[in-house]
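Undergrad: The structure's right below; bear with me while I get my questions together.
The values are calculated or read from the model by the stated rules, or taken from the named source; none is laboratory data. Values in this document were obtained by computation on a predicted structure and should not be read as measured data. Glycine gets a Cβ as well: all are built from the backbone with ideal geometry, and neighbour counts include every protein chain shown.
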Amino acid sequence: MKKCTSVLALAGKMLGILLLSAILGYLLLVAVLSLPVKNDVVASYREYSGQMGWNPIVNNRYTDYLTYFDSFEPGVLDDQTDSIIISKSLYSNPAESVFYTAAYMQKYGRYWHGYVAILRPVLYFFSVWDTYFINSVLQIATAFALCIIVYKETGKLRYPIAVLSSYLLLAPMALMSSFQFSPIFYISFLATIFALTSKKIKEDSYRQYIFFLCVGIITSYIDFLTYPLLAWAMPFCWLIVVQNEQTDLLSGIRKIIGTSLSWTLGYVGMFLSKWAILYLVCGKEAYVDCYTGEAFDALRGLSDNLKVTKEVFNRFEVLTSNWRHYFFAGYMVIISLWIIRGIVKYFKGQFNVGSKTAILAIVACSSPAWYLVFNTHTAIHHFFTYRIYGASILAFVLAISISETSEKLKSDKCAKAISAGILAVFLAVGLLASSLAKENVYVLFGERAQTVLLNEDDLIQVEFKPSFSNIKQYTTCLTLQGESTGEIVYEVEKDGVIMYDSSLPLEVFEEKSFDSVNVDWKLDTDETYMMNIFIRDNASGINYAITSEGETPLTEYGRITLNGDDLGKTEPAGGFVYHTTIRSRADRIFTALSVAAFLSLMTLCLVKIKYIWRKA
């Protein structure tokens, strides 16, 4: 009875904190939006926004930038969202009540936009350029502060190295140059610093639940749904590392459940409170205008016309599409060194799997679980959601670190031989998984495109030979001449036989010049096909984009004609999305090693859990 009363008291306190946080969060936005905006800061934003791309790479942001299609490269930014963040932070409309503005946020009221409470005052004193520089300095200082604190708490060098490893795998060069990616970094690292320096949080489970509730609230308030899982996983993992050596497995599992539920209550509860404020302050029409209520639906499913490609939304392939961001030499070296260190220590008899190892191994499963549940969102936005893997990587690295022992454990040759056999089996499983895993290969063509007039009776024919056998998307570029009725049709022909027939409604080009049609063309890479491109049910015609040789030409295309007339050395502006197995041998080996290491750790921990359960 006493325990039940205590749980109810905790729940009541949490709900009270959540309600108070929602009220204070809203009033803070109202207060901050009342601050004036300086003209020179607005000018610096306009100068900055004029040089922003879509998803540029950090080291060539202002010279050349890559599009969404090449966003697997390290250091990819999200200028589109950064532009939204800065514009919201500098928004000012004297004709509009600040109470309305704080809730409605220019038709984006389903999010809190709590970053405005930080950026608007900062941008009053500093330009956009200076703010990015300040951000980079603060991030470096924060990361090194956590390294120092971790070393003081543990006294072992491998733990600050683990901090640096987890930091480097978040792509700090991109974090420093992006307001979109920065909030979760600060929440995760600062929450960890706060937890490790607070004796009460380290020793009191009750305070830990309140602490993680507050972390969830802050995450929901500031973040744009980037990689929020790290905000829970990072402070939790480090609390497990520094806690008393007698931490038992059952207690650890209870803490995983309790802290994750507390964090989720804060995160989801704060989200829902914003929707309630939007409805109460701005009314039902504004609530609908902001697409409120669809936010969580979009995490799991979207209509076909909004999907980047169909296959990437497969719940298992989304694991590959996000893991692919670690197919970069620097990242592979860091992860592989930790894996190899763990294997060497194990076979040297300096690896002792305890309760803490098992607890951290359970946390290591959280990232794949997130991807499998929220597959659609993490498929579309893989260029930043891949950092959700940071939770599993940190837990894995700490599980290896905490299992290391300076004393040699007794181990017979038979046990080592069995372990080696199990590792070999898991490597084989990893190799099989990596050989079956699929990736999307994006090829795009078209800078400074010219156009040709394409009327209803015209026909463009272009030879093409696919680089891979399965095409999942075809992108085209055009502008309308007048009416937007009808559709543009793509036929794939071989020896006079139409194999595939796909189309896009022309109305999608009313506000943009390019769009993609989801297809499922299965072709032979040794064959050359003819693509027929024409419009129907449109009397005014379109301006179809082509681009000359030399502008990143695609090897897929051959001769192109318009009504039989040769168009010379030109190609359609647009591109393909192929769906194929992982091409690089190094990537497949790295994936196999990662799978084998993860499965090996899980097996060791399951054996330990079984042993502890039997003993209990």
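Undergrad: Go through the stretch 112-128 and report how many residues are closer than 30 Å to Tyr279 by Cβ and touching a helix residue (DSSP H, G or I) at 6+ places or on another chain (Cβ under 7 Å). Even if it seems obvious, please write down each step before you answer.
TA: Here is the first cut: in the stretch 112-128, the ones closer than 30 Å to Tyr279 by Cβ are 112-121, 123.
Then drop every residue that is not touching a helix residue (DSSP H, G or I) at 6+ places or on another chain (Cβ under 7 Å), which leaves 112-117, 119-121, 123.
The qualifying residues number 10.
Undergrad: Then there's this: I need every pair where a residue in the stretch 216-245 that is assigned by TED's automatic domain parsing to the domain that holds Thr154 has its Cβ under 8 Å from the Cβ of a residue that is among the charged types (D, E, K, R) and assigned to a loop (DSSP other than H, G, I, E, B), sequence separation at least 6 or different chains.
TA: Sorted first by the residue in the stretch 216-245, then by its partner, the pairs are Ala231/Asp223.
Undergrad: Which residues, taken from the stretch 550-584, are more than 35 Å from the chain's Cα centre (by Cα) and modelled with pLDDT under 85?
TA: Lys569
Undergrad: For residues that are in contact with a His (Cβ under 9 Å, 6 or more places away or on another chain) and among the hydroxyl-bearing types (Ser, Thr, Tyr), scanning just the stretch 363-398, find the one that is modelled with the highest pLDDT.
TA: Filtering the stretch 363-398 for residues in contact with a His (Cβ under 9 Å, 6 or more places away or on another chain) gives 382-383, 385-387, 389.
Within this subset, residues satisfying the condition of being among the hydroxyl-bearing types (Ser, Thr, Tyr) are 385-386, 389.
Values: Thr385: 93, Tyr386: 94, Tyr389: 97.
Filtering the stretch 363-398 for residues that are in contact with a His (Cβ under 9 Å, 6 or more places away or on another chain) and among the hydroxyl-bearing types (Ser, Thr, Tyr), the one modelled with the highest pLDDT comes out as Tyr389.
One line per residue, one yes/no per condition, for (1) at pLDDT below 80; (2) in a helix (DSSP H, G or I):
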{"site": "Ala415", "(1), (2)": "yes, yes"}
{"site": "Leu423", "(1), (2)": "no, yes"}
{"site": "Val429", "(1), (2)": "no, yes"}
{"site": "Leu432", "(1), (2)": "no, yes"}
{"site": "Ser435", "(1), (2)": "no, yes"}
{"site": "Asn440", "(1), (2)": "yes, no"}
{"site": "Leu444", "(1), (2)": "yes, no"}
{"site": "Leu453", "(1), (2)": "no, no"}
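Undergrad: Which residue pairs have Cβ atoms closer than 9 Å, lie 6 or more positions apart in sequence or on different chains, and pair a first residue in the stretch 158-180 that is in contact (Cβ under 8 Å) with a residue 40 or more places away in the chain and under 30 Å from Val128 (Cβ atoms) with a second residue that is of a type in the set (D, E, K, R) and surrounded by fewer than 19 Cβ atoms within 10 Å (Cβ to Cβ)?
TA: Ser177/Arg61
Undergrad: Could I ask something else about it? List every residue pair whose Cβ atoms lie under 6 Å apart, where the two residues are 6 or more positions apart in sequence or sit on different chains, the first residue falls within the stretch 591-611 and is in the same structural domain as Ile400 (by TED's automatic domain parsing), and the second residue, located anywhere, is not in a helix (DSSP H, G or I).
TA: As it stands, the answer is Leu604/Val353; Lys608/Val353, since those pairs meet every condition given.
Undergrad: Can you name the residue in the stretch 98-115 that is of a type in the set (Ser, Thr, Tyr) and under 26 Å from Phe181 (Cβ atoms) and is also farthest from the chain's Cα centre (by Cα) among such residues? Spell out the reasoning first.
TA: Taking the stretch 98-115 and keeping what is of a type in the set (Ser, Thr, Tyr), we get 100-101, 104, 108, 111, 115.
From what's left, under 26 Å from Phe181 (Cβ atoms): 101, 104, 108, 111, 115.
On the way: Thr101: 29, Tyr104: 26, Tyr108: 20, Tyr111: 17, Tyr115: 19 Å.
My answer is Thr101.
Undergrad: Go through the stretch 88-97 and report how many residues are under 32 Å from the mean Cα position of the chain (by Cα) and surrounded by fewer than 17 Cβ atoms within 10 Å (Cβ to Cβ). Reasoning before the result, please.
TA: Here is the first cut: in the stretch 88-97, the residues under 32 Å from the mean Cα position of the chain (by Cα) are 88-92.
Within this subset, residues satisfying the condition of being surrounded by fewer than 17 Cβ atoms within 10 Å (Cβ to Cβ) are 91-92.
Selection size over the stretch 88-97: 2.
Undergrad: Would you call Leu444 in contact with a strand residue (DSSP E or B) (Cβ under 6 Å, 6 or more places away or on another chain) and under 12 Å from Ile542 (Cα atoms)?
TA: no
Undergrad: Going through Ala399, Ala424, Ala391 one at a time, which residue ends up being under 30 Å from Thr603 (Cβ atoms), touching a helix residue (DSSP H, G or I) at 6+ places or on another chain (Cβ under 9 Å) and without any contact (Cβ under 8 Å) to a residue 60 or more places away in the chain?
TA: Selected residue: Ala424, the only one of Ala399, Ala424, Ala391 that is under 30 Å from Thr603 (Cβ atoms), touching a helix residue (DSSP H, G or I) at 6+ places or on another chain (Cβ under 9 Å) and without any contact (Cβ under 8 Å) to a residue 60 or more places away in the chain.
Undergrad: May I ask you to say which residue of Ser260, Ser220, Ser251 is among the small types (Gly, Ala, Ser) and surrounded by fewer than 17 Cβ atoms within 10 Å (Cβ to Cβ)?
TA: Ser251
Undergrad: Give me a count of the residues in the stretch 201-227 that are within 13 Å of Gly266 (Cβ to Cβ) and not in a helix (DSSP H, G or I).
TA: Of the residues in that region, 1 qualify.
Undergrad: On to the next question. Taking the stretch 480-524 as the search range and keeping residues that are of a type in the set (Lys, Arg) and part of a strand (DSSP E or B), which one is surrounded by the fewest Cβ atoms within 10 Å (Cβ to Cβ)?
TA: Lys522
Undergrad: For Ile609, indicate whether it is modelled with pLDDT under 85, assigned to a helix (DSSP H, G or I) and either on the phi > 0 side of the Ramachandran plot or surrounded by 15 or more Cβ atoms within 10 Å (Cβ to Cβ) (or both).
TA: yes
Undergrad: Continuing with this model, one more query. Name the single residue, out of those in the stretch 427-470 being surrounded by 12 or more Cβ atoms within 10 Å (Cβ to Cβ) and without any contact (Cβ under 8 Å) to a residue 60 or more places away in the chain, that is farthest from Arg583 (Cα to Cα).
TA: Here the residue is Ala428.
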